[in-house]
Number of protein chains: 2
Amino acid sequence: MLYIIGLGLADEKDISVKGLDIVRKAERVYLEAYTAILLVDKEQLEAYYGRPVILADREMVESQSDEILKDAETKDVAFLVVGDPFSATTHTDLALRCRQNDPPIPTRTLPNASILTAVGATGLSLYNFGQTVSMVFFTDSWKPSSFYDRIAENASLGLHTLVLLDIKVKEPDLQAMARGKIIYEKPRFMTVAQCASQMLEVEDERQQGVCGKEALAVGVARLGSEDQQIVAGTLEELSTADLGRPLHSLVLCGKKMHEMEWEFVREFAVDQGTFDQVWKSVYGAQK
Amino acid sequence: MLYIIGLGLADEKDISVKGLDIVRKAERVYLEAYTAILLVDKEQLEAYYGRPVILADREMVESQSDEILKDAETKDVAFLVVGDPFSATTHTDLALRCRQNDPPIPTRTLPNASILTAVGATGLSLYNFGQTVSMVFFTDSWKPSSFYDRIAENASLGLHTLVLLDIKVKEPDLQAMARGKIIYEKPRFMTVAQCASQMLEVEDERQQGVCGKEALAVGVARLGSEDQQIVAGTLEELSTADLGRPLHSLVLCGKKMHEMEWEFVREFAVDQGTFDQVWKSVYGAQK
């Protein structure tokens, strides 16, 4: 059996009791380590679970899945995913491969907390979110802006948008590769400030008023952990906010933001005066 | 400290290890018991947690929250919520009351699995969902249909809609009340079939082609448990599908449904021929 087990968001104790039982008995334990990270390192997981944990990077999952699935017809393999397994496309890939295996490998998935719902800690209602988008690191020559179209769609319905921020772990250094060496770049995690700046940059080009300087947004960091941080403000304010260690995410507020949501979120405002004024003139005025 | 702890979806072992530690040490333990249910009863939770669990019905949470919050400035109180705390509005209410208490009561929330992400078990991508809607039991005289407008909005963007289904626990029997007695009705949980039928009924009235007989949908039951069930088909097919015990939910598929989603979902089809034919003519054709 392949068990795909969500680890939740913060540390080794966010796994469910049921998940822990399975990990402790499994033949092999893998940790998906390229779409999200926990706030603790592999050694801490291994010490708590009492089992060696094999890091599965993108290359292993996409090109060497046979190794992960080896003998899973008869033995138990645990594949750990930070957050909730269904929030990552890895899950669907692996589950499809198990189905198509001959004989098919039985799978079971254990859901857990996801950033998609933990973002409710902001006070914004999960019922008022539209589609989720991803933001990648811009380079000088590559600034993909399809996120803007998705946000515009959500905004047209007055809905909030959760923006998931890029992480780069184990990216090959292209200059070193050109010299025939395999060196990996230092891991990078996009911050709320970087995300807000990129949104403002694209707004400057597109000019549709979707994510301008006065748009209200909420930045979150390390949700689910004891030192989680939530900061609300205009995109301009957030473009200089420092929320500390990763992981960060951002929510762009929709115009349908209800008074009860506002009452909760304003407590997190960089500047409550500005926040209230923008909300009252632009958001509250929609009702 | 008030700890608001998500229990996950199925049974007593879906709580996180961290959550279990808190429950076992808390002064009092409440279970929110009116917006969702676990698949096991209170006694099983009490036996596993080793603690008495006080059922908190809507009346207690809304009118007697002082009792729940009593001494929480200095003692630890655990408030358990089925699924993820942020997916229920109860969380925001209680957290606001703690903030406004004098002195404020510190709170901490432990996220867990939610139907909002566990629905990814269907193979539908969580990135392609629009706003979530609720479906209540229709009566002869009360058939609220605002869900139709929300679904139409999602559909206009090609997005899926998760429909959460009504549950009625501890509803007073109005006829008995009129006779001066307080009797509660038997608990009721809406099924996928009932939801599909109500959607068809409203489509018949509104005629905007949002949720007609040929619309593709996926019904889910007991997600996260070992006997979870997933059934895909047209709304007409689902209006007679039997998915067994509660809880049920339904997803109405959006027209942007990707080929990879289709490939996964079709395995759950009531009738794969019909499913493929509708997908190819109506959904796949959008690309």
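General remarks:
- Residue in the range A:11-27 that is surrounded by the fewest Cβ atoms within 10 Å (Cβ to Cβ), counting only those that are closer than 23 Å to B:I5 by Cβ and in contact with a Lys or Arg (Cβ under 7 Å, 6 or more places away or on another chain): A:R24
- The range A:163-190, residues that are at positive phi and either under 17 Å from the mean Cα position of the chain (by Cα) or surrounded by 13 or more Cβ atoms within 10 Å (Cβ to Cβ) (or both): A:K170
- Here B:G158, B:G130 are screened, and the one residue that is surrounded by 23 or more Cβ atoms within 10 Å (Cβ to Cβ), within 14 Å of another protein chain (Cβ to nearest Cβ) and more than 14 Å from the chain's Cα centre (by Cα) is B:G130.
- Looking only at the range B:229-261, and only at residues there that are part of a helix (DSSP H, G or I) and modelled with pLDDT of 95 or more, the one that is surrounded by the most Cβ atoms within 10 Å (Cβ to Cβ): B:L238
- Subset of the range B:65-117 (residues that are within 12 Å of chain A (Cβ to nearest Cβ), assigned to a strand (DSSP E or B) and either small (G, A, S) or without any contact (Cβ under 8 Å) to a residue 40 or more places away in the chain (or both)): B:G83
- Pairs linking a residue in the range B:44-58 that is closer than 19 Å to B:D14 by Cα and not assigned by TED's automatic domain parsing to the domain that holds B:V23 to a residue that is hydroxyl-bearing (S, T, Y) and at pLDDT 95 or above, with Cβ atoms under 8 Å and 6 or more positions apart or on different chains, do not occur.
- Candidates in the range B:133-147 are the residues that are farther than 18 Å from A:S156 by Cβ and in contact with a helix residue (DSSP H, G or I) (Cβ under 6 Å, 6 or more places away or on another chain); of these, the one that is nearest to the other protein chains (Cβ to nearest Cβ) is B:M135.
- Considering the range B:264-278, and only residues there that are out of contact with any Lys or Arg (no Cβ under 9 Å at 6 or more places or on another chain) and without any contact (Cβ under 8 Å) to a residue 12 or more places away in the chain, the residue that is nearest to B:F129 (Cα to Cα) turns out to be B:Q277.
- Residue among A:G158, A:G224 that alone is modelled with pLDDT under 95 and closer than 30 Å to B:I4 by Cα: A:G224
- Evaluated against (1) over 23 Å from the mean Cα position of the chain (by Cα); (2) buried (at least 20 other Cβ atoms within 10 Å of the Cβ); (3) modelled with pLDDT of 95 or more, A:K213 falls short on exactly one condition, (2).
- Scanning the range A:30-64 for residues that are of a type in the set (D, E) and either in a loop (DSSP other than H, G, I, E, B) or touching a strand residue (DSSP E or B) at 6+ places or on another chain (Cβ under 9 Å) (or both) returns A:E32, A:D41, A:E46, A:D57.
- All of B:Y34, B:Y49 fail the test of being within 24 Å of B:D166 (Cα to Cα) and buried (at least 18 other Cβ atoms within 10 Å of the Cβ), apart from B:Y34.
- Lone unmet requirement of (1) crowded, with 17+ Cβ neighbours inside 10 Å; (2) within 30 Å of A:R24 (Cα to Cα); (3) at pLDDT 95 or above for B:G83: (3)
- Matching residues, the range A:93-109, being surrounded by 22 or more Cβ atoms within 10 Å (Cβ to Cβ) and at pLDDT below 90: A:L94
- Enumeration of residues in the range B:209-225 that are in contact (Cβ under 8 Å) with a residue 40 or more places away in the chain and on the phi < 0 side of the Ramachandran plot: B:V210, B:C211, B:E214, B:L216, B:V218, B:V220, B:L223, B:S225
One line per residue, one yes/no per condition, for (1) closer than 15 Å to B:G6 by Cα; (2) touching a Lys or Arg at 6+ places or on another chain (Cβ under 6 Å); (3) of a type outside the set (S, T, Y):
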{"residue": "B:V29", "(1), (2), (3)": "yes, yes, yes"}
{"residue": "B:E43", "(1), (2), (3)": "no, no, yes"}
{"residue": "B:Y48", "(1), (2), (3)": "no, no, no"}
{"residue": "B:E59", "(1), (2), (3)": "no, no, yes"}
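- Scanning the range A:161-186 for residues that are touching a residue at least 60 places away in the same chain (Cβ under 8 Å) and either of a type in the set (A, V, I, L, M, F, W, C) or more than 14 Å from chain B (Cβ to nearest Cβ) (or both) yields A:L162, A:V163, A:L164, A:L165, A:I167, A:V169, A:K170.
- Within the range B:137-193, being in a loop (DSSP other than H, G, I, E, B), among the charged types (D, E, K, R) and under 30 Å from B:V210 (Cβ atoms) holds for B:D140, B:K143, B:D166, B:E171.
- The residue list A:T74, A:T122, A:T109, A:T90 contains one member that is within 18 Å of the chain's Cα centre (by Cα) and not assigned by TED's automatic domain parsing to the domain that holds A:G233, which is A:T90.
- Search result, residues across the range A:211-228 that are closer than 20 Å to A:V136 by Cα and assigned to a strand (DSSP E or B): A:A217, A:V218, A:G219, A:V220, A:A221
- Residues satisfying the stated conditions in the range B:1-60, i.e. at the interface with another protein chain (Cβ under 10 Å from one of its Cβ atoms) and polar (S, T, N, Q): B:S16
The values are calculated or read from the model by the stated rules, or taken from the named source; none is laboratory data. Quick caveat: nothing in here was measured; it's all calculated off a predicted structure. Here the Cβ is made from the backbone with ideal geometry for all residues, glycine too, and neighbour counts use every protein chain on show.
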